[in-house]
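The structure appears below as structure tokens.
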Amino acid sequence: MANKVITSYSNAKVKHFRRLGRDADYRREQGVYLAEGSILLDDALKTEFAPYAVLLGHYQDWENELPDTEIIVMEEAVLDYVSTLRTPDGIISVCPIPPAPPVPPQSGRWMLLDRIQDPGNVGSIHRTAQALGLDGILLTPGCADPYNPKAVRAASGATLRMPAGFITLEQLCGCPLPILAADMGGTPIAPGQLDGDCIVALGSEGQGISRELKKRADKVISIPMPGKAESLGVAAAAAILCWEMKKK
């Protein structure tokens, strides 16, 4: 059952949960992240990564529906203070961060994100990669945290179902998989080129693939674009590449 309603912004639990939503290093240190909304709560309850705790507005009564989960009830304004949303819906799950994938991966099909800074883009790519059956996403230092609340919302449950982890260029040097870097100046991909195990790298929204990663890549590829657009958004490019990488 729930304890008494928390009404103070200075409460230690309130400070802890608010920091989880805003500090990537703190999330990794604590091993948990925030997932906001009833849809993500329902998703989490169906996986092995069920929430440790659920934060609720005092006007809600979910104790009977979550008998094995700690319920922390807060005054609505206090819960809004913890939330990262402009219009919170009064439900925040505190979920364990799933185990990171092996680094470097030894097999499988992986999307590598290089310094992509918008957490919404990271989450959208995570969602697409999971939907198309890839094995996971890797991120270089400088990328947005995949457990940022905005990334978690954009991933729409993929955070719970597909591993994501950071990898350095040094670790990539020991990777047995071919690395293909997507770049506007690369060779257009051919049908079937991405059918096997590989890592496909996408660069940051403004700068593309880093020079160091491009040198490490086994091949630099591009998406054929017969139209007049100069480029694609990174999430759109990722969707096309994930489609080419999906297991036939």
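The values are calculated or read from the model by the stated rules, or taken from the named source; none is laboratory data. Computed from a predicted model, the values in this text were never measured in an experiment. Reconstructed Cβ throughout: ideal geometry from the backbone, glycine too, with neighbour counts over all protein chains shown.
Name every residue in segment 203-219 that is more than 10 Å from R115 (Cβ to Cβ) and touching a residue at least 40 places away in the same chain (Cβ under 8 Å), in order of residue number. E212, R216, D218, K219, listed by residue number.
Scanning segment 82-111 for residues that are in contact (Cβ under 8 Å) with a residue 40 or more places away in the chain and more than 18 Å from N148 (Cβ to Cβ) yields D89, I91, P99, P101, V103, P104, P105, Q106, S107, G108, R109, W110.
Taking segment 157-206, which residues are part of a loop (DSSP other than H, G, I, E, B), aliphatic (A, V, I, L, M) and touching a Pro at 6+ places or on another chain (Cβ under 9 Å)? Explain how you work it out, then say what you get.
Step one: filter segment 157-206 for residues part of a loop (DSSP other than H, G, I, E, B), giving 157, 162-163, 167-168, 173-178, 189-197, 203, 205-206.
Subsequent filtering for residues that are aliphatic (A, V, I, L, M) retains 162, 167, 177, 189-190, 194.
Across segment 157-206, the qualifying residues are M162, I167, L177, I189.
Confirm whether L112 is modelled with pLDDT under 95, crowded, with 19+ Cβ neighbours inside 10 Å and not polar (S, T, N, Q). Criteria not met by L112. Could you tell me whether S156 is closer than 22 Å to D89 by Cα and surrounded by fewer than 20 Cβ atoms within 10 Å (Cβ to Cβ)? When the stated conditions are applied, S156 passes them. Say whether the condition of being crowded, with 18+ Cβ neighbours inside 10 Å, small (G, A, S) and out of contact with any Leu (no Cβ under 6 Å at 6 or more places or on another chain) is met by at least one residue in segment 213-222. There is at least one residue in segment 213-222 that is crowded, with 18+ Cβ neighbours inside 10 Å, small (G, A, S) and out of contact with any Leu (no Cβ under 6 Å at 6 or more places or on another chain). Taken together, the residues in segment 131-156 that are more than 17 Å from Y33 (Cβ to Cβ) and part of a loop (DSSP other than H, G, I, E, B) amount to 7. From the residues in segment 5-56 that are free of Cβ contacts under 8 Å to residues at least 60 places away in the same chain and basic (K, R), which one is surrounded by the most Cβ atoms within 10 Å (Cβ to Cβ)? Among those that are free of Cβ contacts under 8 Å to residues at least 60 places away in the same chain and basic (K, R), it is K13. Only one of the listed residues (T140, T128) is within 27 Å of L45 (Cα to Cα), modelled with pLDDT of 95 or more and crowded, with 20+ Cβ neighbours inside 10 Å. That residue is T128.
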